[in-house]
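Structure first, commentary second.
The values are calculated or read from the model by the stated rules, or taken from the named source; none is laboratory data. It should be emphasised that the depicted structure is a prediction, and the values quoted were computed from it without experimental measurement. Here the Cβ is made from the backbone with ideal geometry for all residues, glycine too, and neighbour counts use every protein chain on show.
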Amino acid sequence: MMRLMSYFITGTDTGVGKTHVTALLLRAFNEAGRPALGYKPLACGDRLDADILRAAGAEPSLPLNAINPVFYRVPAAPMAAAMIENRVPDLAAVRAGFDALAARATTVLVEGAGGWLVPISESYSMADLAADLGLPVLVVVNNKLGALNHTLLTVHAIEARGLRCAGLLLNQVADERDSASISNRILLEKLLPHVPILAEIMHGEEILDPGVVAALEGSPPGSG
């Protein structure tokens, strides 16, 4: 049986539901018999996202620091929070934390903070972290008006780094749907035919189609 790889989860923006979608993915992997753990390497403001990922993972009793090694109390981008708290992010701890989880589970889902190019420091971004970890990327899309532009920009930026975008997850953040949220999938399939749309998640949906796990298992490994 093929060993599933780990993935870096980014979003088309902040507040697109990355944590919710990552938790759904974790539960889908675990229910399919594929032990999976969530990882939130950097958190700012609070650690709620990390706690959600821990609860959804294969080992909910793990210490929170194992899921989230770098935490800033300031609710801002990591670079801004680090400057305000005068504390440089410990990237060695971030890498060590990932390696420790990867030794315990079939799959580690690494949730970034904000979008693809959110800065961690003046010379290091979420994109750099994904590249250093060498992970294929899943993009959570806020399925609304404007999603096409945000998604195309994000996918092209991922591929420009030599990384593979392993799929899109369209997430209906708002309860009400507009015409764009209905047509976005059709247009993205035409505009990005090489990037699969793994799921279209309705507002309030708490179960992910197990076919997502099968689709990822069958996808090619490695970078773009």
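Find the residue count for the stretch 193-212, including only residues that are within 15 Å of the chain's Cα centre (by Cα) and over 19 Å from Ser181 (Cβ atoms).
Count: 1.
As an exercise: evaluate Asp49 against (1) farther than 13 Å from Thr106 by Cα; (2) without any contact (Cβ under 8 Å) to a residue 40 or more places away in the chain; (3) of a type outside the set (Phe, Trp, Tyr); (4) surrounded by fewer than 24 Cβ atoms within 10 Å (Cβ to Cβ) and give the number of the one condition it does not meet.
The one condition Asp49 does not meet is (2).
Which members of the stretch 96-112 meet the condition of being farther than 11 Å from Tyr39 by Cα and touching a Leu at 6+ places or on another chain (Cβ under 8 Å)?
Of everything in the stretch 96-112, those that are farther than 11 Å from Tyr39 by Cα and touching a Leu at 6+ places or on another chain (Cβ under 8 Å) turn out to be Arg104, Ala105, Thr106.
Given the criteria at pLDDT 95 or above, closer than 20 Å to Leu109 by Cβ and out of contact with any helix residue (DSSP H, G or I) (no Cβ under 6 Å at 6 or more places or on another chain), does Leu153 qualify?
no
Being at pLDDT 95 or above and assigned to a loop (DSSP other than H, G, I, E, B) is the filter here; which residues of the stretch 106-121 pass it?
Trp116, Leu117, Val118
Looking at the stretch 186-210, which of the residues that are assigned to a loop (DSSP other than H, G, I, E, B) and of a type in the set (A, V, I, L, M) is farthest from Ala23 (Cα to Cα)? Write out each step before concluding.
First, pick out the residues of the stretch 186-210 that are assigned to a loop (DSSP other than H, G, I, E, B): 192-196, 202-210.
Cutting the leftovers down to of a type in the set (A, V, I, L, M) gives us 192, 195, 202, 207-208.
Numbers: Leu192: 25, Val195: 22, Met202: 15, Ile207: 10, Leu208: 10 Å.
So, considering only residues that are assigned to a loop (DSSP other than H, G, I, E, B) and of a type in the set (A, V, I, L, M), the one farthest from Ala23 (Cα to Cα) is Leu192.
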